[in-house]
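First the structure, in the form of structure tokens, and then the observations on it.
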């Protein structure tokens, strides 16, 4: 019911995102969309590109008088850096002498694999689409998915768990994650100020050495009702959908639901969330001793907070380049370097929020389907009554 895709290149004229399936009558808050895009651009260790771009969502279709009308939504994001690339990356033939080649592939990037796949003599066109700049378009439509989820009482946010070798210990409560959203300065988007200082010091180290640094972010979805997703088919399981959505982000190399990694090394008695019955609770009167499952059991949301972690490798463009090979001569050279970030873990968390929100919106539309917000809210409220009376 919910379909979306993006178009555009890193140094092209614009990025475009298309979102189909959002019901009519959803109020669109332009300021909220632009703040989500702003959040993606923040973080300690970002590169020079963020000083150029000031992303704002330009809605081209599907919204009128401040509300969705049920038709496909198209959103455009201007690339302000385009003015510096019009001659070297034109739509038409242009002057070949002005083309800026990527002459040696970067280890860890899509450069070589993409050039081999599409039979390109060098990696410029690969870089342009494989770049994480594309994730800005996802954040724009993810913000619309967030507005839809808010109508159901669901919120989606993220925080940074690890940067380099520095980590937050224990499960960070929702209230602390929610408080991060209101900060005017993102830094490393860590809920523990002392740990964030040490994370900042880690980034400073790699800034001095010309290296890059990765980490772990956690996306938390609050007040997700039980019953989203299903165990009926492999490709309809909520955890599988979320894993694919988060893994699709540039530089994410692993995804974890709840305490999935640690659980693999523990006994079942210490892992599984014991069930109780309190008589009063959120969606139902059933309760859990803890939330190691991350809000999903058997591919279905269980009413607990949904927690998804993404493990982000270090950025593959290094100011101190690794060994590579020249595309033309096949001789050993240092890998190509273009303006790049040093640490993008907070920004990746925001992009992952968008992917989680789009996935939950899809599952919610399948569960409570309707063509208008009035119809969907009526169906949702009826389901909530069903849960309370269970």
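No lab work stands behind these numbers, since they all come straight from the coordinates. Small disclaimer: the values here were computed from a predicted structure and weren't measured. In this analysis, Cβ positions are derived from the backbone assuming ideal geometry, glycine residues included, and neighbour counts consider all displayed protein chains.
When both segment 1-28 and segment 359-390 are represented by their alpha-carbon centers, they are found 23 Å apart. Between residue 262 and residue 389, residue separation times 0.36 nm minus the direct Cα-Cα distance comes to 42.1 nm. Exposure proxy shown here: for 297, 36, the number of other Cβ atoms within 10 Å sets the order, fewest to most, as 297, 36. The fewest-to-most ranking of 390, 125 by surrounding Cβ atoms within 10 Å reads 390, 125. For the chain, the relative contact order works out to 23 percent when only alpha carbon pairs closer than 8 Å and six or more residues apart are counted. Length gained on full extension, residue 99 to residue 184: 26.7 nm, using 0.36 nm per residue less the C-alpha separation.
Do the sum for the chain: with -39,500 (n - 2.57) for every DSSP H run of n ≥ 4, divided by all residues, what is the mean residue ellipticity at 222 nm, to the nearest 500 deg cm²/dmol? Rounded to the nearest 500, it is -10000 deg cm²/dmol. Globularity index of segment 224-306 is 1.17 (Cα radius of gyration / 2.2 N^0.38 Å, N = number of residues). Across segment 90-134, C-alpha contacts under 8 Å between residues 6 or more apart give a mean separation that, scaled by the residue count, equals a relative contact order of 33 percent. Summary value for segment 158-270: 26 percent relative contact order, contacts being C-alpha pairs under 8 angstrom separated by 6+ residues. Take the Cα coordinates of segment 3-388, assign each an equal point scatterer, and use the Debye formula without solvent to give log10 I(q)/I(0) at q = 0.08 Å⁻¹. Result of the Debye calculation: -0.45.
The simple Förster model, with R0 at 35 Å and r as the Cβ-Cβ distance, assigns residue 248 and residue 326 a FRET efficiency of 0.65. Each of 158, 340, 104, 289 was scored by other Cβ atoms within 10 Å of its Cβ. Listed from fewest to most, they are 289, 340, 104, 158.
Measuring r between the beta carbons of residue 169 and residue 35 and using R0 = 30 Å, the FRET efficiency lands at 0.50. If you run the Gaussian network model on the chain, springs between alpha carbon atoms under 10 Å, then out of 155, 175, 375 the most flexible one is 175.
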